[in-house]
Every structure is written in C-alpha cells, then in structure tokens.
Amino acid sequence: MKPDIQPVRETGGLRRAWGILRVGLLPIGALAALSVAAEVLQAQEAPEAAAPEVVALTGQVVHAQTGEPISNVQIVVQGTTRGVLTGPDGRYRVGQLRPGTYRVEAHSIGFRGGAQTVTIGAEREAQADFRLTPSAVPLDEVVVTGQPAAVARREIGNAVVTVNAEALDDAPVFTTSQILQGRAPGVEVLPGGGKAGQGSRIVLRGITSMTQDVHPLVYVDGVRIDNSFSSGLGTGGPTWVGLDDLIPEDIERVEIVRGAAAATLYGTEASAGVIQIFTKRGRGGPQQVSFRSEYGVSQTPSEWYEVSPHGAWFAENFTRAGRQHRQHLSVRGTLDRFSYYASGSVRAEDGVLVGNDASQRSFRANMRVAPRQNFSIGANVGFGQRDIHQPYDGVSPFGLGYHALVGGPRGVPTGDLEEELDVTRIPELEVALQSTRFTAGVSFEFQPFEGFSTRLLLGSDIFNTDNTELHEFGTPFMDAGMKANWRRQSITRNVDFGASYQFQPTPTFRSTTSFGFQAYDRDDTWNWSYGERFVGPGLFTVAVTGLRSSDDSRITTRHAGFYLEEQLGFNDIFFLSLGGRLDGHSAFGADNRFHFYPKANASYVMSEHLTLPEIFGTLRLRAAYGAAGQQPDNFVASRVWRPVPATAVMGLTTGNVGNPDLAPEVSHEVEAGFDVGLLADRLGVEFTFYNQRTEGALIPVQYAPSTGWIEPRWENIGTLRNRGVEATLRAVLLDEAALRWQARASVSTNRNQVESMGGQDPINIVGAQWIQTGHPVGGFFADRQVQTEEGLERVRGDFIGPAFPTRSLQLGTDLGFGGGFNVAMLVEHRGGHYLESNTLRGIATGGDPTVVLANRADFIEPADFWRLREVSLSYALSARATQALPITGATLSLAGRNLLRSQQYTGIETEAHVNPLISLGRQTAFDTPLPRQIVAGVSLQF
C-alpha cells in the first residue's frame with residue numbers, strides 16, 4: 001500500500017468557485033469598458049446645441065448657529081453616482097447633471113444630516129445650500145463597512161465606530177495605530193514598546209480564539225491588505241503591522257466593526273473584527289495645495305530605568321533625546337466630473353535608544369471620474385517604504401537592555417562566551433528591517449436604471465520585506481562574524497462586487513435587496529539564509545561564510561463568498577435587515593468545504609414615532625445578531641508527510657495527520673443598545689451590550705504515538721465567550737463663535753472565559769500564561785518550579801488574573817476660542833489585567849538560568865495605568881494676517897504625547913510586550929518605555 005503523500009493543494013470546490021469568479025469578471029469589465037467608450041463617442045458626436053442639457057449644482061454648507069463654513073461635508077446626489085466634498089469655504093460644485101428632480105443630501109461627522117429636493121431646469125447652474133446643526137448623536141452619518149452599500153447609521157442595528165482622522169491634523173499622531181488609540185470603546189491598541197518604528201497589536205472586544213489569529217482584518221479604500229506581523233528575526237525588537245505603513249495625513253476617516261454581529265458580510269477571517277481606512281479624496285472648490293512640516297523631540301526620564309542597580313549607568317550611556325521630523329505635501333481638487341488627491345510624505349525619527357532610528361517615505365494618488373451621470377470610475381494608488389535600525393534587545397542573547405541592566409558594564413556571560421564583554425559595543429551589531437508596500441484599487445459604480453445600483457472593486461496589495469542581522473568580523477559575541485537575512489513577499493488580490501435594488505411601493509415602505517460576492521487570493525513567500533564565520537574582515541554576504549544554512553516557503557490562500565441581504569424600512573423609523581453569507585476557504589477540510597454565516601438586525605428610531613418628554617431630542621433602540629469565522633492555519637486539514645534530510649538516500653516521516661472535517665471557528669454575537677440625545681441633541685449617549693460565543697474553537701489533540709503520527713491533530717472542540725458593555729458620552733457644551741467646547745468620555749468592559757476545551761489538558765502559551773477551562777484565554781497562573789529527582793518541574797498554581805484589559809476609559813476634550821486658538825486633550829486608562837516581567841526576573845537572578853525561583857508569581861504584576869495620551873495647542877492665522885503672503889491659510893501647532901503616566905507595574909513599561917508574534921503573550925523583557933514626545937508644526941494652504 002502506497003503511503004498517503006498529499007502535497008499542498010486547494011479544495012476542488014473552492015478552486016472551481018474561484019475560476020467561475022474570474023471568468024465572471026470578464027463580462028463585467030467589458031461592460032464597464034464599453035460604457036466608457038460609448039460615453040466618449042456620444043460626447044464627440046453630440047451637437048453643441050445639446051450642451052445646455054447638463055447643468056451644474058452648486059451650494060455652500062455652513063454651521064447653523066454661527067454661519068461659519070463647514071469643510072469636508074459629503075454631498076450626495078441620489079439616483080446618480082455623483083458626489084463631492086465641500087472645500088475649505090464650505091462650497092461645492094457637482095457638474096454635468098441632466099435636468100430633473102433630485103434628492104441632495106449633506107452628511108458630516110458631528111452634525112445632523114441635511115437633505116433637499118432640488119429641481120434642475122435648463123439653467124446653467126442650480127443651487128442647494130445647507131445649514132447643519134451640531135449633534136452628539138450621529139444617526140445621519142453614512143457608514144460603509146459591514147454593509148452591502150453605503151447606509152445611514154440610523155438604518156442598521158449594530159454599532160459601528162467612525163473616527164474622523166481629518167480632525168486630528170494638529171494632534172500628536174505619528175502612526176495610523178495612534179489614530180485609533182483612546183478614541184473608541186472596545187478598541188484596545190496595545191503598543192509593543194517605545195522604539196522608533198515599533199508597531200502595535202489591536203484587539204476588538206476581547207480575544208476571540210485560543211489558538212488562531214486574533215487581529216482584525218484591515219481594508220484600505222476597499223482593498224484588503226496584509227496586516228500580519230513582519231519581522232522574521234529573533235531580535236527581541238520592533239515588528240510592525242500593515243496598518244502603520246499608511247501615513248496618518250492621507251487618511252480621511254476610519255470605520256471599525258468590533259464584532260461578529262456586524263462582520264458577517266466579511267465571513268471567514270472576520271470574527272476578530274474589521275478596520276476599514278478611507279483615504280482622502282478630491283473635494284469641491286478651487287484646487288488646494290497643503291504643506292505640513294513638524295519637528296519634535298522625544299525623551300525618557302532616567303528614573304524609569306532604576307529598576308536595576310545599573311539603571312542610571314544604562315540611561316547615561318544608552319539613552320538619548322530622540323529627534324524626529326516629518327513633511328507632507330498634498331494637492332486636491334475637482335474639475336467638473338474629475339476629482340483628485342495626491343500626496344507625498346517623508347518622516348524620520350531617532351529613537352530614545354542608541355542605535356535605533358526609523359524612516360518612512362510614501363506617495364498616494366486617488367482619482368475619480370464620472371463620465372456619465374449613472375457611471376463613475378475610481379482609482380487609488382499608494383506606495384510606501386520603511387527602514388528601521390535597532391540594537392538587539394528584549395530576550396535576545398545579544399540584547400542591550402539584558403546585558404546592561406543585569407550585568408552593567410561587564411554584561412552577562414552568555415553561552416560559550418564566559419569572559420567579560422564590552423557592553424558599549426553591542427550597538428555595533430546591525431539589525432535592519434526594510435519594507436515596501438504597493439496598494440492599488442480600481443472601482444466602478446453603475447446605476448443602469450432607477451433604484452438599481454452596482455459596484456465592482458478590483459484591488460491588489462504587494463508587500464515586501466528584507467530584514468538583516470549582521471555581526472561583522474571581529475564584533476562582540478561572535479568573533480568571526482555572522483549574517484542572517486529573511487525576505488518575505490505577500491501579494492494579495494481581492495475582488496468585491498455588490499448590487500442593490502431599492503423598491504418603494506408606498507411613501508412609508510421601502511425594500512432594499514442586496515447581493516454580491518467577495519474573494520481574495522494571497523501568495524505568501526519567504527526565504528531565509530544564515531551564515532557564520534566570515535573568512536576575513538570586510539565581507540558581508542552569506543556566500544563568504546564557512547557555515548551556511550537556508551530555508552524557504554510558499555503558501556497560497558484563497559477565499560470566496562457570496563452574500564444576500566434584505567432590508568425593510570418603515571416610514572424611515574423602523575428598519576429590519578436579514579441576510580447571510582456562504583463561504584469557501586482553501587484551509588477548510590475536504591469534507592467541510594463551505595460554511596454559512598447568518599445575520600439579522602433591527603433599528604427603531606423611537607423619538608420620530610412617539611411623543612417623548614421635552615428633554616429627549618433623539619432616542620433609538622437597536623439590536624443585532626451575526627456570525628463570522630476564523631479559518632484554520634494553512635494545511636492543518638491535510639495529511640502531510642515531511643522529508644528526512646540525508647546525505648545518501650532521502651526519506652519521509654509523518655507530519656500532520658490531517659482532518660477532512662476541519663471547519664472554521666465560528667463566533668456568534670448578539671448585541672443590543674440604544675442611542676439617546678438630550679438637550680436638543682447637545683448631549684449624546686451611545687450604549688451597547690454584547691455577548692459573543694466562539695464555537696468549534698480549534699485545539700490540538702494528541703493521539704497515541706502508536707498510530708504512527710506524532711504531531712497533534714487539530715479539531716473543532718473548544719468554546720469561549722466574550723461579553724461586556726461599551727458606552728460613549730458626547731457633549732457639545734458650548735457652540736458659539738467666540739467659544740466652542742466639546743467633550744467625550746468612553747468606557748468599556750470585557751469578560752473573557754474559556755468555556756470548554758473538549759476535555760483536553762491546559763495549554764501553555766508562554767511563561768506563566770495558560771489556556772484553561774473556566775478562565776480567560778492566556779490568563780496568568782502562579783506557576784512555580786520545584787526540584788525533583790528528574791530535574792526542574794513546573795507546577796501550575798492558582799489563577800492570578802487575565803492578560804488583557806477588562807476595563808478601559810477614555811476622556812477627551814476639545815476647546816476652541818474665537819480668533820483661531822484650539823486646545824485638545826486625551827486621557828486613557830486601562831486596567832484589570834496583569835503582565836509577567838522577564839525584566840524583573842532577569843535582574844533578580846543576575847541572568848543565571850540555573851537559579852530556581854520558588855514562585856513565578858513574584859514577577860506577575862498588575863498592569864493598570866493612566867496616561868495623558870495627547871495634548872495639543874493650535875492657532876489658525878486670520879485672513880488678515882496671511883493676506884500679504886502667497887498663502888490662503890496657516891496653522892501653528894504645539895503638541896505632546898505620553899507626557900504623564902501612572903502605572904502599578906514596578907518595571908520599566910506596563911504597555912510594552914516583548915514578542916508581538918505571540919499574539920496572546922503579555923510578557924515584558926528589557927523593553928523600551930513609551931517616550932514623552934513634543935512636536936511643533938506648521939500647516940500651510942495655497
């Protein structure tokens with residue numbers, strides 16, 4: 001009987017589905033091309049007398065109380081694909097509209113929406129002005145993420161977070177992750193540490209899996225990007241995520257879907273939530289050129305390192321005042337039916353740790369053209385390059401913090417190196433991380449007849465990283481030198497097609513039927529090479545080393561799904577939606593190729609139906625249910641044999657036993673809540689309760705070795721639960737021309753618990769963190785080591801606490817004074833969780849691994865903290881002050897980040913974690929604290 005050798009392959013059903021999708025795209029693309037060609041020919045052949053048949057719609061949007069113009073208001077002409085953003089003066093222009101009657105809508109974050117019915121005749125221009133009223137209850141905001149088509153928030157029963165990034169132009173925000181930090185309940189941004197270029201983990205509504213990915217999906221203008229951690233080197237230092245390859249200055253807004261109740265339309269891989277980033281677009285009014293330049297300094301107090309007797313010496317010799325700068329140039333505008341935005345940016349930062357620096361360069365171009373009133377084409381292109389240099393740190397045997405804080409100037413004897421070493425030479429060891437990312441998308445919107453709209457998006461994300469470790473000949477630790485190189489390329493291609501038909505048989509009843517498909521294909525390749533013992537000085541390649549090794553891998557992942565949704569609307573007061581998605585994934589088992597995810601939600605705007613007490617402005621009740629999945633790792637569903645290296649005859653041995661019934665983990669979530677506006681909607685409260693249960697959680701099961709298979713088999717046998725509340729209070733305290741004051745407070749809780757592991761033993765993640773029934777995923781236990789006749793044995797003790805925050809609080813305020821002054825502040829608190837300090841353990845043991853500590857719990861401490869996350873001051877120069885200059889506007893700003901902190905942890909930094917590749921880990925090891933940063937900037941408009 002032949003051995004069951006099964007190469008890496010896709011399931012046949014999914015391969016056929018993917019082929020059908022690709023074939024189906026051909027007629028769609030041909031239709032789009034023919035539509036454009038027909039319009040061009042029609043324009044060329046049309047007589048000049050027909051020109052008056054198309055008319056421009058113009059207008060201005062202003063603040064209802066003060067009369068001041070409002071920029072970046074989204075103007076939508078219903079029944080067409082035309083839309084535009086207002087310019088700095090609040091004006092807009094929508095060109096080339098045919099005579100008729102249109103519903104024109106105006107939407108802006110922080111304001112009630114406006115709508116008018118406009119009749120356009122044969123005149124050259126029609127006008128529609130809007131006066132928008134501030135509102136702390138954003139029911140008229142338009143959301144896209146998790147919906148078949150753009151929809152007002154009032155029409156959906158689940159909560160979606162929107163962050164207005166353009167309002168943060170003067171805030172001390174240096175990465176895209178920081179845009180999200182402290183601005184939404186249920187969104188935990190967990191920085192890895194304070195090194196320049198270091199990334200952050202993002203967790204939405206708690207940990208949703210015991211063994212699989214717990215990070216949200218990320219889309220940029222509808223294009224899915226690779227958001228996996230990228231390092232590949234065991235340096236103990238920074239790794240980054242794809243989110244931070246984007247430049248904050250290019251972002252218009254961010255929408256966040258925090259749980260499965262709203263993520264159903266993304267299907268498999270979306271159980272941890274979805275983040276969609278919308279970059280800036282062209283807007284109405286004349287062309288505007290903007291330039292912003294910032295210079296800043298960062299610093300860490302020397303007393304933060306005094307956890308060690310050598311802390312003062314370390315701070316004096318290896319920390320510094322870091323310098324940073326960034327410049328950003330952009331142009332945006334609208335020319336009749338064509339809108340555009342283009343930008344270029346550079347940024348450089350010297351970290352507070354000697355030998356650490358980061359630089360970033362980027363370019364972006366977004367364009368949109370509407371050749372016909374019912375047809376538009378959009379294109380988005382972005383390119384970015386990042387470079388990071390750092391000293392070895394963390395748990396690396398060459399770690400700067402480890403040797404300096406534990407051993408002082410003499411360091412710690414490591415491995416074969418028993419003699420003292422010169423710690424000051426460690427920064428000579430080179431660690432370099434480089435990456436490039438190219439993201440592009442083309443979108444088509446077509447409305448063939450009234451009430452029916454279609455959209456198609458084709459996107460691609462190409463990520464490359466080239467990371468190097470280099471010990472030159474004669475450097476510490478390895479006299480003869482060493483080089484390691486790790487390269488990775490990820491190419492993601494995605495397609496998203498959707499169609500909606502809206503039918504309104506009566507003035508009070510509306511039906512919207514939506515359907516579509518989404519699919520992506522990802523090729524992930526990496527190769528690694530390593531060499532020791534250069535043959536002499538001045539050599540830097542693996543090829544000239546005496547001891548070499550290498551490895552490589554290629555993985556292809558494919559995923560496709562079809563969805564259908566029906567929404568019923570009654571009198572614009574009550575909305576009911578039902579839908580679902582059918583998914584196939586290349587990682588599913590051969591006998592379980594497809595999975596269905598249902599959804600349902602309801603929204604009831606009670607205040608527009610019933611007469612409520614005068615104090616109520618708006619009152620809405622909402623509820624939602626949805627399911628989303630998380631796929632198994634690649635190939636664990638397949639039976640795999642592994643090669644046995646040999647010098648003569650190669651052989652095979654057992655690898656993964658496989659599981660043809662393997663299915664995705666499925667998270668079912670129910671959420672319910674309300675939105676209430678008080679005092680004419682100047683005070684708004686948003687409250688949500690959620691209860692999420694993950695079924696079929698993937699757990700490795702070890703069978704008897706006598707079966708011939710040593711590796712465990714993965715099975716869907718676990719369950720875990722997340723539940724909690726999220727509440728946000730928004731207040732427009734003052735809204736006058738001379739003084740504006742807005743405040744916000746958000747609070748969230750999360751309780752995570754493993755309900756079942758299918759009878760399996762607890763699983764150790766790292767250190768004293770375990771997965772055990774009845775406790776949070778990755779919770780800490782009072783492990784201790786005892787000496788037995790067979791050596792050291794770890795005994796798991798009592799439960800101490802969770803590894804991830806159980807509560808968070810954000811407090812923000814924005815105060816604007818007449819004359820252009822503005823002050824903003826953000827305070828953040830997280831608590832209820834713990835961390836394990838390898839820093840304090842290493843210092844206590846003197847770096848000697850043979851020292852037996854009776855109780856690991858001695859180094860597990862509460863991680864609660866308060867932080868003054870942001871403070872910013874800005875001054876917008878008046879028109880009189882700039883009239884003599886060749887500019888139309890200027891703003892000066894001074895901002896600080898992480899200026900104050902209060903933490904229970906007695907180590908260096910409570911927010912740091914040593915290895916982001918262990919997604920459930922909450923371990924620190926000689927980390928770099930988040931520095932205090934102060935930045936001065938100037939923004940100019942031309």
Cα shape, segment 609-648, gyration tensor, a/c 1.5 rule: prolate
Keeping every protein chain present and rolling a 1.4 Å probe, give me the accessible area per residue for the chain in Å². 40 Å²
Neighbour net charge for Gly580 - beta-carbon separation under 9 angstrom, K R +1, D E -1: +1
Solvent accessible area, Å² - Tyr402, 1.4 Å probe, full protein context: 50 Å²
On a full-extension model of 0.36 nm per residue, what is the gain between Asn571 and His609, subtracting their alpha-carbon distance, rounded to one decimal in nm? 12.8 nm
Which of Glu608, Glu249 is most accessible, then next, and so on - probe 1.4 Å: Glu608, Glu249
Once the whole set of protein chains is in place, how much accessible area is left on Arg751, using a 1.4 Å probe, in Å² to the nearest 10? 130 Å²
Within the chain, what percent of beta bridges assigned by DSSP are antiparallel, to the nearest 5? 95 percent
Within the under-15-Å Cβ sphere about Ser330, not counting Ser330, Lys/Arg +1 and Asp/Glu -1 give a net charge of +3
When the charge dipole of the chain is computed with +1 on Lys and Arg Cβ and -1 on Asp and Glu Cβ about the Cα centre, the Cα farthest towards its positive end, among Leu243, Ile109, Phe859, belongs to Ile109
For the chain, which DSSP H helices look membrane-span-like by this rule: Cα extent along the axis of 30 Å or more and mean Kyte-Doolittle of at least 0.0? 12-45
Ignoring everything except DSSP H segments at least 4 long, calculate the 222 nm mean residue ellipticity for the chain; use -39,500 (n - 2.57) per segment, divide by total residues, nearest 500. -2000 deg cm²/dmol
Which whole-number percent of Cα pairs in the chain have a distance greater than 58 Å? 11 percent
When only the heavy atoms of the protein chains count and the probe is 1.4 Å, how do Leu892, Leu139 rank by accessible area, highest first? Leu892, Leu139
Checked segment 53-134 with the C-alpha gyration tensor, a ≥ b ≥ c its square-rooted eigenvalues, rounded below a/c of 1.5, otherwise prolate if a/b is larger than b/c and oblate if not; verdict prolate
With a 10 Å radius around each residue's Cβ, average the other Cβ atoms per peptide and rank 350-359, 634-643, 436-445, highest first. 350-359, 436-445, 634-643
Ranked by accessible surface with a 1.4 Å probe, highest first, in what order do Phe570, Phe926 come? Phe570, Phe926
Evaluate the Debye formula for segment 357-466 with equal point scatterers sitting on the alpha carbons, no solvent, and hand back log10 of I(q)/I(0) at q = 0.14, 0.22, 0.23 Å⁻¹, in q order, two decimals. -0.73, -1.08, -1.13
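The values are calculated or read from the model by the stated rules, or taken from the named source; none is laboratory data. Worth saying up front: this structure is predicted, and the values here are computed from it rather than measured. Reconstructed Cβ throughout: ideal geometry from the backbone, glycine too, with neighbour counts over all protein chains shown. All accessible areas refer to the heavy atoms of the entire protein, side chains included, with ligands and DNA or RNA removed. Shrake-Rupley method; radii C 1.70, N 1.55, O 1.52, S 1.80 Å.
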